[in-house]
Every structure is written in structure tokens, then in C-alpha cells.
Amino acid sequence: MSLPLQHIAIIMDGNGRFAESIGRSRLYGHRAGHTAVLRTVRHCAKMGLRSLTLYAFSSENWQRPESEIQALMQLFLRAIKRNRRLFNRHGIRFRVIGDTSAFPRPLHDAIDELTQETQTNQGLQLNIAANYGGKWDITQAVKQLATQVENQTLSPQTITEKDIATHLELADQAPVDLLIRTGGEQRISNFLLWQCAYAELYFTPIYWPVFDDAALDDAIADFTHRTRRFGGL
């Protein structure tokens, strides 16, 4: 299958509201959201997509109740441990982008192990954005450039957009072609600000736990009918 795009990013919104709509707990919604992640990853791997980036936990999500944060950390850890075979069977490369130093040690170690185990796979590149923010991403890139300037290995006058991009997360991957947000909100919430500079935006009222293969295909079909000019005519 020949795809018209290389990189899809998704803001997976609506887990809690989905759960509330059927009278269940927010934790139930997050578990259902995990099932949706696996469904989407399989579908993208089978269709031959090169990169899929999922917004799992933003740097602002630490403001949520402690009980919910702990439950999310445990869910993330279990997901990593249970899905190793799935990733390797489908040739998926796993990576987490964001400041993982804030995570509990068992989760941090599990992330490192799965990243190393799948790094030679040749299929879909799966990026999980966790404790990630677009402003943080740009800031840490600028800090690296500032260090080079301080060490006199880089002149401020020669810094280009390419220099900044080289130090961002996902520097080795294509820019985002299509940004999808589920759950009905219409904002990008500090997600991949640089990488989505020319992305097509697609907003859907469908809650993430019920965003299925057909919904993703609809988003891609909508993308194919758009004209991308990148500032030109």
C-alpha cells in the first residue's frame, strides 16, 4: 500500500470523558485508551506508515490528582512489559520522547530496555510522548546550542533553523504530515510545536478509546483531499 504521508501524530484525548459517558471510572477510560493505542499501532504498522507519534502524558499532566498519575505510570509500565512480543512481531521500533528522568526507576528502566531491544527493527517507528512539551523540546535544543556557543564551537551568527531542528526530539524523522486530535477539542496543547509547523490538522469528536481503524482511515482520506502548499501558490 502506497501512503500519501510518512508521519502521523495523535493527541489521544477523551479517555476520562468516555468513561464518564458510560458511568465508569477514569482509570477504566485510560485502560480502554491503551487498547486503542494497540489497535492503532497495529493498523499503522500494517499499512506501512513510517512514523507514529502518540501524546501519552504531557509535562502539564503532573497537575492531575496524584492517584491518577500513579495509575497512569503503572499502566504505562505494564503496557511496556506486555507488548514486547507485539512490537518485535510487527518490526516496530519503540521510543519515548520527553524528560523521562522524572519517571519512577522501574518505568525508566523498562523504557530503556524496550528501546534497545527494538532499535534494529525495520518497520513502524513508534514514538510515545511522555512528560513531553513542545516548548520544553525547543528549549532543550536551544540550551544545547548555547553550550556550543559558550564552548566557542558555534557562532551565534551562523545558527540556522536546521541547527535547531537537529537538536530536537524526532530530529531523525520526517516532519509531521497529519496531526489528529480526538475528543472534540481543537487545539494542539503544546505538542510537537516545531515538528507540526506545516502539518495538516484533523479534529474529531470521537473519544480516543473508540477511535478505531475506520476513523483513522477517514482522517487519512481527508488528508489526501487537501492541497499542501508550504507557503507557495
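Here are some notes:
- Residue match in region 93-101 (condition: exposed (fewer than 13 other Cβ atoms within 10 Å of the Cβ), modelled with pLDDT under 95 and either out of contact with any Leu (no Cβ under 6 Å at 6 or more places or on another chain) or on the phi < 0 side of the Ramachandran plot (or both)): yes
- Selection count, region 150-186, where residues are surrounded by 13 or more Cβ atoms within 10 Å (Cβ to Cβ), not in a loop (DSSP other than H, G, I, E, B) and not acidic (Asp, Glu): 7
- Test result for Tyr198, among the aromatic types (Phe, Trp, Tyr), free of Cβ contacts under 8 Å to residues at least 60 places away in the same chain and either loosely packed, with under 15 Cβ neighbours inside 10 Å or on the phi > 0 side of the Ramachandran plot (or both): yes
- Among the residues making up region 183-219, a single one is within 19 Å of Arg42 (Cβ to Cβ) and touching a strand residue (DSSP E or B) at 6+ places or on another chain (Cβ under 7 Å): Ala219.
- Residues that are open to solvent by 60 Å² or more (accessible area, probe 1.4 Å), among the hydrophobic types (A, V, I, L, M, F, W, C) and more than 17 Å from the chain's Cα centre (by Cα) do not occur anywhere in region 69-79.
- Listed conditions (1) in contact with a Gly (Cβ under 6 Å, 6 or more places away or on another chain); (2) closer than 16 Å to Gln6 by Cβ are all met by Arg228, apart from (1).
- Qualifying helices (runs of 4 or more DSSP H) (wholly inside region 18-136; at least 1 residues being closer than 18 Å to Phe211 by Cα and touching a residue at least 24 places away in the same chain (Cβ under 8 Å)): 26-47
The values are calculated or read from the model by the stated rules, or taken from the named source; none is laboratory data. Every value quoted in this text rests on a predicted model; they were computed, and no experiment measured them. Neighbour counts run over all protein chains shown; Cβ positions are idealised from the backbone, glycine included. Remember, those area values only see protein heavy atoms, side chains included, never the ligands or the DNA or RNA. Shrake-Rupley method; radii C 1.70, N 1.55, O 1.52, S 1.80 Å.
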